[in-house]
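The values are calculated or read from the model by the stated rules, or taken from the named source; none is laboratory data. Just so it is clear, the model here is predicted, and its values are computed rather than measured. All Cβ positions, glycine included, derive from the backbone under ideal geometry; neighbour counts span all protein chains shown. With ligands, DNA and RNA removed, areas are computed over all heavy atoms of the protein, side chains included. Shrake-Rupley method; radii C 1.70, N 1.55, O 1.52, S 1.80 Å.
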Amino acid sequence: MLRSLPRTFLGLAPLLTAAAAAPWQDLYRVPIPEELPPHPRVFCSAADLTRVRGQIAAGDAYAVACRDAVLASAEAALREKIAAIEGQPSPAVLARAAALAQGYALTADERFARQTRAILLAVADAAMRLERTGQAGLLAPNTLAEGPVAVNFAMAYDLVADSAALTAADREGIRGALRRVAWEAGHRCHHPNSSNWRSWALCVLASCGFAAGDRRLIEEAINGAWDPERECYLYGVVQQLTHSVFSDGIHWERCMGYTYYTGSALMYVLVAAANSGVDLWHADLPGITGPFQGGAPHEEYGPPGPRSIKAFLDAPFYYAFPGGGFARIGDSPTRALAYHPLYELAWREYRDPKYAWLIRRERDRRGQDSPSGWHIWTPSGTPSWSLVPEMGANGSAALRFETPPDARIAAVQDVVCPGNRVLRVSGRVKALAMAGGRAHIRCNAGQDAFFTESVTAAGDWREVSVEVPPGTGPAPRSVRLHVFLEGGAGEVLWDAIRATAGEGVPDLVRNGSFAAGRADGRPDSFWHLVHGAARVPEGRYDLAEDADIGLSGRHRNGCTLFPVGGFVILRSDPGDPEALAVNLAFGPYGSGHDHPDRLTLTVHALGQTLCPDAGSWGYENPMHLTWANQTVAHNTVCLDERAQEPQGLSKSIWAGERGDQRVFGVLRLFHPGGHLKAVRATCDTAYPDTSLDRTVCLVGDCLVDVFRVAAAGDHTIDLPLHARGEVTADGSLTPLAESPFSGLGYAHLQGIRRREAQTGIVRATFTDGDRRLYLLQSVPPDAEIFLARDPERRGDENSCLLARRHGRQATFVTVLAPSRGECPVRHLRVTSDAGAVAVEIHHAGVIDRLALPDAVDGALRFERRTGQDARLLAREEARPEPPRQP
């Protein structure tokens with residue numbers, strides 16, 4: 001067995017013995033003002049409305065475009081009859097109420113207020129009659145779905161609360177319904193602490209609580225509350241920011257996709273709180289440093305020091321590979337660093353240049369200075385566009401597109417139309433030149449797409465049109481228009497885009513003649529009108545700059561350590577999207593959204609993820625259990641064809657730690673050096689009586705991976721590596737008619753071939769187009785090598801090389817070399833002496849040597865010499881991380 005140090009590392013201290021829990025009454029509480037401001041106060045303030053009305057009156061192009069978009073939705077909702085609500089209301093009903101209330105807020109048109117009142121009273125009546133569902137929903141099936149519904153319910157009431165359309169009795173009835181929604185779907189949520197479900201419960205509590213003016217609900221949303229019935233503490237946003245979000249900014253669920261999802265819920269809480277004088281952006285919230293009565297069972301406490309949401313917002317920037325891609329660990333569907341409206345608010349509060357960079361990138365993508373009412377979408381290539389005056393079909397302005405052969409461009413706008421009517425969409429187009437290009441309009445209605453005829457040859461103005469058939473009911477529906485030039489080279493002018501839905505419905509397209517000025521890349525919505533910054537500088541995001549993330553996260557020399565969340569990202573060149581980088585995940589098991597994959601790695605190079613994680617297959621898909629939640633689907637060790645704990649043999653996709661069980665890795669070394677960038681982590685909780693020890697290094701243009709396994713008894717030890725493309729290997733390969741595997745997950749491996757046992761180094765190549773990932777692997781004696789195809793998903797074609805050994809110990813040494821040409825590694829030599837491993841890599845003219853000790857407190861040594869005369873070129877030593885109690 002490997003020599004172990006205490007199971008602690010940089011702020012993560014699983015409690016192996018019972019520790020005294022502090023009283024919940026000792027938790028820090030943010031003061032709540034005695035009196036709340038008048039309406040509106042939830043998602044906008046009276047000052048906000050005064051400001052945006054002034055912008056509209058002054059003719060600001062973006063504000064006018066937003067007003068037109070809001071009024072288009074409000075007018076469409078005004079035409080709908082209000083029917084009695086049987087059962088739970090459709091989310092569209094509350095969306096219409098919010099649209100009407102926004103129209104009233106911008107115009108003071110009492111027609112909108114009266115229609116809002118009618119919907120609110122119908123919803124309030126339903127809310128008082130409905131019973132809570134099994135998943136703690138009232139107006140929706142569960143708490144998660146209740147969040148957006150509650151936001152619209154609260155917003156609609158808040159914006160019309162002082163209107164003459166509402167009586168005192170109306171207000172009292174609606175406030176009572178808001179309180180019941182908050183209690184049943186927020187307070188009674190089955191997830192009391194760190195889950196994203198609790199975040200959405202806080203959204204429900206805050207939205208409805210601030211709208212109704214209920215201090216008890218507000219107090220629970222902000223500071224949490226003791227629940228004597230369940231004998232637990234219901235986390236408020238304060239506890240989520242000081243315990244559920246770790247001191248390095250990683251959220252407890254350890255999935256970047258859920259970071260964004262959780263952020264969506266917390267955004268509404270922060271805005272509503274700030275509008276009533278509770279500043280959670282700048283409050284110095286003391287971190288929770290130990291267990292407390294009724295708290296969450298995960299033990300990522302400390303270190304002491306002030307917390308805020310900023311570390312949570314910063315973490316995705318430093319989790320990213322060069323170029324912005326993400327390792328999709330756990331159930332995360334998110335592939336890359338992404339824009340979120342929360343960053344608009346964060347920019348206003350913190351003025352962090354990273355946030356400005358992200359906002360500007362999104363606005364440029366949508367079309368900075370795009371035509372008012374539209375955003376410009378450029379899904380591929382480098383097309384160009386411009387607004388040209390007096391070039392339209394009738395002498396007005398026109399929108400000009402020009403594309404090279406590989407480019408696509410479209411002007412995009414959503415229109416809202418009656419759901420039970422045919423929508424006729426038309427436009428006029430003049431092709432100035434065509435060399436393979438096609439100009440047409442695409443209309444997306446739900447899952448269906450409808451197209452006008454295409455213009456493919458140069459010529460004068462002509463009209464194109466299409467009819468979108470009616471939907472399933474009268475409720476308003478949104479149809480997305482794409483005014484396209486795609487398919488090849490071309491240059492066209494577009495004008496007179498219209499969308500009509502029969503008698504009594506005006507043209508639904510805003511600025512269809514492209515004459516109403518320009519916007520600035522912000523979406524045309526009430527939320528962005530109120531909360532989006534009008535002018536944002538270019539900003540700066542540079543992974544070459546050192547930074548701290550929260551209290552404990554470190555970003556040094558282009559490499560990042562999240563010591564509590566348990567991720568290390570090594571980057572050979574942080575500024576080059578083509579450069580080699582790797583994510584090693586070792587941290588604590590983070591809820592049912594985590595996977596059994598301690599010490600898994602994800603490799604990025606040549607502009608994409610070459611060795612991906614299994615990711616999420618969708619919770620209703622059987623593959624989520626039988627593949628994604630099985631260790632063999634990940635790039636880490638699997639014993640006896642059985643998933644790591646806590647999944648084990650469980651048939652649940654939500655398998656989690658049981659009782660006192662804790663599954664976590666321990667950081668041993670993090671070295672963001674000059675010639676050597678390295679990480680070492682161990683785990684002795686994934687399998688009973690088994691130690692896993694992995695060291696990953698970046699040296700030159702190669703990744704060196706040393707994975708050592710030591711167990712108390714005999715096992716089948718598998719190390720799979722999944723990579724994009726098709727895998728081939730040297731030596732004799734035997735196709736297997738029957739699978740040699742029987743474990744859950746293994747059945748999905750197809751086209752299995754066995755490489756006949758040979759001594760020395762295994763060479764394999766994964767080929768994906770012009771990208772190649774060369775693998776050289778020194779395997780233990782008597783090891784077997786299998787090659788197979790992974791199950792396909794959405795066009796992704798991955799293959800697997802699985803190294804297997806039977807016994808108590810195994811050491812796998814792998815070198816990965818990405819290239820678009822020949823393999824840069826000429827020779828690999830591996831020696832072992834009493835557990836210590838020496839690796840020698842021969843490149844063209846250079847030899848790199850690594851010496852890895854067996855003991856976890858030993859230093860890792862690297863040197864580079866010339867190939868001919870062995871002259872020393874570089875030498876570097878990586879010392880282990882000192883374990884630290886919080």
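The set of residues in segment 157-169 being touching a Lys or Arg at 6+ places or on another chain (Cβ under 9 Å) and part of a helix (DSSP H, G or I) consists of Tyr157, Asp158, Val160.
Of all residues in segment 251-266, those that are more than 15 Å from Asp314 (Cα to Cα) have Cβ atoms under 6 Å from Cβ atoms of residues that are open to solvent by 10 Å² or more (accessible area, probe 1.4 Å) and hydroxyl-bearing (Ser, Thr, Tyr), 6 or more apart or on another chain, in Glu253/Ser591. Identify all residues within segment 40-64 that are within 16 Å of Gly103 (Cα to Cα) and either small (Gly, Ala, Ser) or not in a helix (DSSP H, G or I) (or both); write none if there are none. Across segment 40-64, the qualifying residues are Pro40, Phe43, Cys44, Ser45, Ala46, Gly54, Ala57, Ala63. Look at Ala320 and say whether it is under 23 Å from the mean Cα position of the chain (by Cα), buried (at least 23 other Cβ atoms within 10 Å of the Cβ) and more than 23 Å from Ile569 (Cα to Cα). The answer is no for Ala320. Filtered by the rule that a residue be surrounded by 19 or more Cβ atoms within 10 Å (Cβ to Cβ) and not in a strand (DSSP E or B), segment 494-509 gives Ala501, Leu508, Val509. Cβ-Cβ distances below 9 Å connect the following pairs, each with a first residue in segment 741-757 that is in contact (Cβ under 8 Å) with a residue 40 or more places away in the chain, a second residue that is open to solvent by 10 Å² or more (accessible area, probe 1.4 Å) and basic (Lys, Arg), and a separation of six or more residues or different chains: Gly743/Arg642; Leu744/Arg642; Leu744/Lys651; Leu749/Arg789; Gln750/Arg789.
Restricting attention to segment 647-688, the residues that are β-branched (Val, Ile, Thr) and free of Cβ contacts under 8 Å to residues at least 12 places away in the same chain add up to 0.
Residue count for segment 572-611 satisfying the condition of being of a type in the set (Gly, Ala, Ser), touching a Pro at 6+ places or on another chain (Cβ under 8 Å) and assigned to a loop (DSSP other than H, G, I, E, B): 3. Set side by side, the residues Tyr268, Tyr319 differ, and just one is at pLDDT 95 or above, over 28 Å from Phe664 (Cβ atoms) and not aliphatic (A, V, I, L, M), which is Tyr268.
Filtered by the rule that a residue be buried (at least 24 other Cβ atoms within 10 Å of the Cβ) and under 11 Å from the mean Cα position of the chain (by Cα), segment 327-338 gives Ala327, Ile329, Asp331. With respect to the stated conditions, Arg129 is surrounded by fewer than 23 Cβ atoms within 10 Å (Cβ to Cβ), at pLDDT 95 or above and closer than 15 Å to Ile85 by Cα. Among residues belonging to segment 684-720 that are outside any strand (DSSP E or B) and either open to solvent by 10 Å² or more (accessible area, probe 1.4 Å) or out of contact with any strand residue (DSSP E or B) (no Cβ under 7 Å at 6 or more places or on another chain) (or both), point out the one that is nearest to Ala764 (Cα to Cα). The selected residue is Asp701.
Among the residues of segment 299-306, is there at least one that is of a type outside the set (Val, Ile, Thr), in contact with a strand residue (DSSP E or B) (Cβ under 6 Å, 6 or more places away or on another chain) and under 23 Å from Gly592 (Cα atoms)? Don't jump to the end; show me each part of the working.
Kept after step one, since they are of a type outside the set (Val, Ile, Thr), are these residues of segment 299-306: 299-306.
When the remaining residues are screened for being in contact with a strand residue (DSSP E or B) (Cβ under 6 Å, 6 or more places away or on another chain), the result is 300.
Next, only the ones that are under 23 Å from Gly592 (Cα atoms) stay: 300.
Yes: segment 299-306 contains one or more residues that are of a type outside the set (Val, Ile, Thr), in contact with a strand residue (DSSP E or B) (Cβ under 6 Å, 6 or more places away or on another chain) and under 23 Å from Gly592 (Cα atoms).
Within segment 831-841, identify whether any single residue is small (Gly, Ala, Ser), closer than 18 Å to Ser778 by Cβ, open to solvent by 50 Å² or more (accessible area, probe 1.4 Å) and not in a strand (DSSP E or B), and answer yes or no. Yes: one or more hits. Scanning segment 656-671 for residues that are over 26 Å from the mean Cα position of the chain (by Cα) and in a strand (DSSP E or B) turns up Arg668, Leu669, His671.
In segment 641-651, the condition of being part of a strand (DSSP E or B), closer than 19 Å to Asp718 by Cα and touching a strand residue (DSSP E or B) at 6+ places or on another chain (Cβ under 8 Å) is met by no residue. Would you confirm whether any residue within segment 243-263 is surrounded by fewer than 23 Cβ atoms within 10 Å (Cβ to Cβ), of a type in the set (S, T, N, Q) and either within 20 Å of the chain's Cα centre (by Cα) or more than 30 Å from Gln630 (Cβ to Cβ) (or both)? No, every residue in segment 243-263 fails to be surrounded by fewer than 23 Cβ atoms within 10 Å (Cβ to Cβ), of a type in the set (S, T, N, Q) and either within 20 Å of the chain's Cα centre (by Cα) or more than 30 Å from Gln630 (Cβ to Cβ) (or both). Remark: Val42 falls outside the filter, which requires a residue to be out of contact with any strand residue (DSSP E or B) (no Cβ under 8 Å at 6 or more places or on another chain), farther than 19 Å from Ala206 by Cα and crowded, with 22+ Cβ neighbours inside 10 Å. Of the residues making up segment 438-465, those that are under 25 Å from Ala74 (Cα atoms) and crowded, with 17+ Cβ neighbours inside 10 Å are Arg442, Cys443, Ala445. Look at Arg789 and say whether it is closer than 30 Å to Thr866 by Cβ, modelled with pLDDT of 95 or more and open to solvent by 40 Å² or more (accessible area, probe 1.4 Å). No; evaluated as a whole, the condition is false for this residue. Looking at Glu463, Glu467, Glu491, just one residue is in a strand (DSSP E or B), more than 30 Å from Pro389 (Cβ to Cβ) and among the charged types (D, E, K, R), and that residue is Glu467. Do you know which residues across segment 182-226 are farther than 22 Å from Pro37 by Cα, free of Cβ contacts under 8 Å to residues at least 60 places away in the same chain, open to solvent by less than 10 Å² (accessible area, probe 1.4 Å) and assigned to a helix (DSSP H, G or I)? Within segment 182-226, Ala185, Gly186, Arg198 meet the criteria.
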